[in-house]
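**Student:** First, the structure itself, so that you have it in front of you.
The values are calculated or read from the model by the stated rules, or taken from the named source; none is laboratory data. Being a predicted model, the structure only gives us computed values, none of them experimental. Backbone-built Cβ (ideal geometry, glycine too); neighbour counts: all protein chains shown. Keep in mind that these areas ignore ligands, DNA and RNA; they rest on the heavy atoms of the full protein, side chains included. Shrake-Rupley method; radii C 1.70, N 1.55, O 1.52, S 1.80 Å.
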Amino acid sequence: MPDPRHYLGQLSQGHWFAALPQALRHTLLNMAQVQRLDAGQRLFHRGDKPSGLYAVVEGAVRVGAVSETGKEALLTLVEPPYWFGEISLFDGLPRTHDAFADSASTLLLLPQAGLLALLEREPQHWRDFALLMSHKLRLAFIALEDMSLLPAAPRLARRLLLIAENYGESEPRRVLHLAQEQLALMLSLSRQTTNQILKELQAQGVVQLTYGEIEILDFEHLRRLAT
């Protein structure tokens, strides 16, 4: 397994980690454990005991839920350098959702016990982790508002922009490794509706569709459509 410090540069491209005090960044990397997952492999299930905080450094992770009938609700598809799992750090309660590797993936784990020991010694850093959670809460409220108030097309445009910005964690990227079916699950839309909207965006020169990918060609036009 590679040394977790190997990923310092990549993690520093993320807004949350880059804003941490330098000493804290190095402390976290020194306690980090590298985990490798195969495509489709479970990281944790809803109801599992908290294990700590994760960062995606290679591949992608699906976070959502699956009903007893097998119906999936996909909340996010996260890619490097995204951090997740902080809710259980604060309340110590079981995991709220399922997490699976969407492709072969590498993650860093900051173990729960080690993090709590650190925060016991240096409680001023609770605020740093609270900022990570408050950012996610802000996005959740925005998504709920969009679901209630926006028609399907602008809602889809907004979600594409969010994914391109890795939910505010990094600079925008043009190519999204995202299947149309996954996007439909995130938005609670049918695959047919999602495909129709994407085809219209492609006809307008806003996106280019290929198998398993959506390339954003015109960010400004997409932003106008998202309002």
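**Student:** Return yes when Leu132 is within 28 Å of Gln180 (Cβ to Cβ) and open to solvent by less than 10 Å² (accessible area, probe 1.4 Å) and no when it is not.
**Tutor:** Values: within 28 Å of Gln180 (Cβ to Cβ): no; open to solvent by less than 10 Å² (accessible area, probe 1.4 Å): yes.
No; evaluated as a whole, the condition is false for this residue.
**Student:** Out of the stretch 166-215, which residues are closer than 19 Å to Asp102 by Cβ, within 16 Å of the chain's Cα centre (by Cα) and open to solvent by 30 Å² or more (accessible area, probe 1.4 Å)?
**Tutor:** Arg173, Val175, His177, Ala179, Leu185
**Student:** Separate question: Mind checking which residues of the stretch 46-97 are open to solvent by 40 Å² or more (accessible area, probe 1.4 Å), among the hydrophobic types (A, V, I, L, M, F, W, C) and either in contact with a strand residue (DSSP E or B) (Cβ under 6 Å, 6 or more places away or on another chain) or assigned to a strand (DSSP E or B) (or both)?
**Tutor:** Those that are open to solvent by 40 Å² or more (accessible area, probe 1.4 Å), among the hydrophobic types (A, V, I, L, M, F, W, C) and either in contact with a strand residue (DSSP E or B) (Cβ under 6 Å, 6 or more places away or on another chain) or assigned to a strand (DSSP E or B) (or both): Val66, Ala73, Leu75.
**Student:** Have a look at Leu160, Leu137, Leu156 and point out the one that is under 24 Å from Ala55 (Cα atoms), in a helix (DSSP H, G or I) and at pLDDT 95 or above. I'd like the intermediate steps shown before the answer.
**Tutor:** Numbers: Leu137 fails: at pLDDT 95 or above; Leu156 fails: under 24 Å from Ala55 (Cα atoms).
The conditions single out Leu160.
**Student:** Would you mention how many residues in the stretch 216-227 are assigned to a helix (DSSP H, G or I) and open to solvent by 80 Å² or more (accessible area, probe 1.4 Å)? Give the derivation first.
**Tutor:** Within the stretch 216-227, the subset assigned to a helix (DSSP H, G or I) is 219-225.
Among the residues that remain, those that are also open to solvent by 80 Å² or more (accessible area, probe 1.4 Å) are: 220, 223-224.
So the answer is 3.
**Student:** Quickly run through the stretch 117-129 and pick out the residues that are in contact (Cβ under 8 Å) with a residue 12 or more places away in the chain and either among the hydrophobic types (A, V, I, L, M, F, W, C) or at positive phi (or both).
**Tutor:** Passing the criteria: Leu118, Phe129.
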